[in-house]
Each structure stands twice: as C-alpha cells, then as structure tokens.
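The values are calculated or read from the model by the stated rules, or taken from the named source; none is laboratory data. All values derive from a computational prediction rather than experimental measurement. Because the Cβ atoms are built from the backbone with ideal geometry, glycine has one as well, and the counts that use them run over all protein chains shown. Accessible surface is based on the protein model in full, side chains and every heavy atom, while ligands, DNA and RNA are left aside. Shrake-Rupley method; radii C 1.70, N 1.55, O 1.52, S 1.80 Å.
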Amino acid sequence: MDSPRHDVTGAQEQEWGVAPLPRVLIEPLVRNALLEDLGRAGDLTTNAIVPPGHVGKTALVARQPGVVAGLDLARLAFELVDPAIRIEVARPEGSRIDKGEVIATIQGPSRGMLTAERTALNFLCHMSGIASSTAAIVAAIGDARARIVCTRKTMPGMRIVQKYAVRVGGGANHRFGLDDAVLIKDNHVAIAGGVAAAVARARAGVGHLVKIELEVDTLEQLDQALALGVDAVLLDNMSVDTMREAVRRVDGRAVTEASGRITPQTAPAVAQTGVDLISIGWLTHSVGVLDIGLDHRAA
C-alpha cells in the first residue's frame, strides 16, 4: 500500500534537526545481521556465480512513495562486506521520494553488493516504512499541537533504530526504556494498593529529575492524579469526548498523552481534543515496510 504524501523533506535539514545515529551504536546491529545471513559458509549463490573480480553498478530504487530512513545502516552493510564499494546518495535521509525514484547508486565489487543486498534493504525498507507512516500521521493531524510519539513496543534489539526512524518521519520518542521515567500502570496500582500509594512509592524510589506519569482510564482517576501532582497522565482508551473533558480538567497542570488503538483515521479527532502527545505502538511493532529494490545497472 502506497504511503500518503507529506511535506517532510531532508530530515538532516529539518527545523527540529534529526541527528544521525553514531556508528558505534548501529555497527553491532548491522554486523550481527550480516553474520546471521552469512552463516558458516558465506554467500554460496553469489560466490559460485559471480567472478571474484567483477565490478558492477546498482541503484536503490523506490517502488512506492514515502520517506527515506536507514541509509547509514544500508551504507554500513555494504562497507562491512567490502570497503571498496562506493555509494552516492541522491535522496538523503528524510527525503520524500516518489515511486521509481533513485535513492542512491552503488558501485564496486559485485560480490560484495549482492552479499550485502538483503541486509541493507532489510534495514532501509523497515526504517523507511516507519518514517513514512509517522510522516503520514503527522500530516493527518495538521496544525494540532499534539506530537506523535512511539512506545516501547519495538522489535527486540531494534529499538534505537526504530525510534530514530520515527524522528526522521517528524514524530518524537517516548521513553527509550524502563530506566528513562516512571510510568505507573494499572498493575502497579493494584500491587501497591491504590494510586496514592503507587505514586508515593515511586517518588520515594527515584531521583528528583525523574518524571512520573500515571495511566488513567476514567475522569475520576484523572482527578486523583491531578491532586497528587504527577508530571503526566496517560489517557488510556478514552472516547474523544472524555478525552476533551480530561484536557479541560488538566488545564496545563500536567502533560496529557492519548493512547489506545489510535489509527490514521482516528488520530485527527484525537489531536483536536488538545492533548499534548499521541502515542502509537503500531508505528514500531507492526508497520509495513517501504518497498525499495536494488536494481542492476549496466556498467
């Protein structure tokens, strides 16, 4: 399914400034992916068919419109397999691309290009899919104040790059892990014996710079949260009308976050309630890839 178009171009030049991920963070991911693919004997197909000295040219080509994310990981996959491979980027990270558009051209030893192809595309297509879907949601809510944020519902080992792709698409990140902030949910409340007890224990157990957010399902729980002075409230699975009333009651005293099966179709109405954040888990746990192919070019 083609990703809706939007106005995000050139993430490295966007006003909010999406900094590239340091190599030290992404190299282990790319290296492990290559090792998984190469197994015990390397690329049997390519090594049997392609002569050792063959040099070729390929291009990363978009099969559908969207937003580019993950070029650094794709580039690194080719580089780790064969440092002689050279990549010339035509559409940089964060660029809006059309179907059929060339994202980058790649030249060098053909064996290395074909061996690294799938790993490079796995990262590039997955991260571009996240960035494209995020950008579509951002565009859908228009000028609303809400920021689109992702969650901890990420693929194991892939959180850092998935959350980066959300930023490339114009979204923002929720906490990166359990050690970033306190988010008190219903099970915490049940074990603590109530909201007040859960908040008190949280305050006693963390440092003064750690924010505390409380999940609330009803307006009554919200009132209790506000009385306790929490930093943020997670408005979980509330109707649009209830959410609008919740924002009115909060009146700027806490950050408001909407959550619960929010889709591209429902996001605009949620944004119009005045919430500060809209958290969407599927942006990282089940989003589709952006279809990008590696096409051979005549040398």
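Along the range 133-145 the Karplus relation, 6.51 cos²θ - 1.76 cosθ + 1.60 evaluated at θ = phi - 60°, assigns HN-Hα couplings of 5, 4, 4, 5, 5, 4, 5, 5, 8, x, 8, 4, 6 Hz to successive residues, with x for each Gly and Pro.
Rounded to the nearest 0.05, what FRET efficiency do Asp241 and Asn173 have when you use their Cβ-Cβ distance and R0 = 25 Å? Rounded to the nearest 0.05, the efficiency is 0.30. Shown here are the Rg and Dmax of the Cα trace of the range 62-122, at 11.4, 30 Å. Taken per residue, the accessible surface of the range 174-247 reaches 54 Å², heavy atoms only and a 1.4 Å probe.
Direction-averaged shadow area of the convex hull around the Cα atoms of the range 149-250, nm²?
7.6
For the range 30-69, just say rounded, prolate or oblate: build the C-alpha gyration tensor, square-root its eigenvalues into a ≥ b ≥ c, call rounded for a/c under 1.5, and beyond that prolate if a/b exceeds b/c, oblate if not.
Oblate.
Once both labels are positioned 7 Å from their Cα atoms along Cα-to-Cβ, the gap between His285 and Arg118 label points is 2.8 nm. Counted by Cβ distance under 13 Å from Gly171, the other residues give a net charge of +3, where Lys and Arg count +1 and Asp and Glu count -1. Here the chain has 53 percent of its accessible surface on carbon and sulfur atoms, given a 1.4 Å probe and all protein chains in place. Based on alpha carbons, the Rg and Dmax found for the range 113-167 are 13.6, 45 Å. Under the shape rule built on the C-alpha gyration tensor, where the axes satisfy a ≥ b ≥ c, the range 239-299 is prolate, since a/c reaches at least 1.5 and a/b is greater than b/c.
Scanning residues 5 or more positions from Ile292 or on other chains, those with amide H under 5 Å from its amide H are Arg63, with H placed 1.01 Å from N in the peptide plane. Counting Lys and Arg as +1 and Asp and Glu as -1 over every other residue whose Cβ lies under 15 Å from the Cβ of Leu219, the net charge comes to -4. In the full protein context, the range 76-166 carries 38 Å² of accessible surface per residue, based on a 1.4 Å probe and ignoring ligands, DNA and RNA. Computed over the chain, the alpha-carbon pair-distance distribution with 5 angstrom bins reads 1, 5, 11, 14, 15, 13, 11, 9, 7, 5, 4, 3, 1, 1, 0, each value a whole percent. What the phi angles of the range 268-276 give under the Karplus curve with 6.51, -1.76 and 1.60, with θ = phi - 60°, is a coupling list of x, 5, 4, 4, 6, 6, x, 5, 7 Hz, glycine and proline written as x.
The trypsin sites (Lys or Arg not before Pro) of the range 171-261 that meet both conditions, a loop assignment by DSSP and at most 10 other Cβ atoms within 10 Å of the site Cβ, are Arg261.
In order along the range 256-262, the phi-based Karplus estimate (6.51 cos²θ - 1.76 cosθ + 1.60, θ = phi - 60°) of 3J(HN,Hα) comes to 9, 10, 8, 8, x, 6, 7 Hz; Gly and Pro are listed as x.
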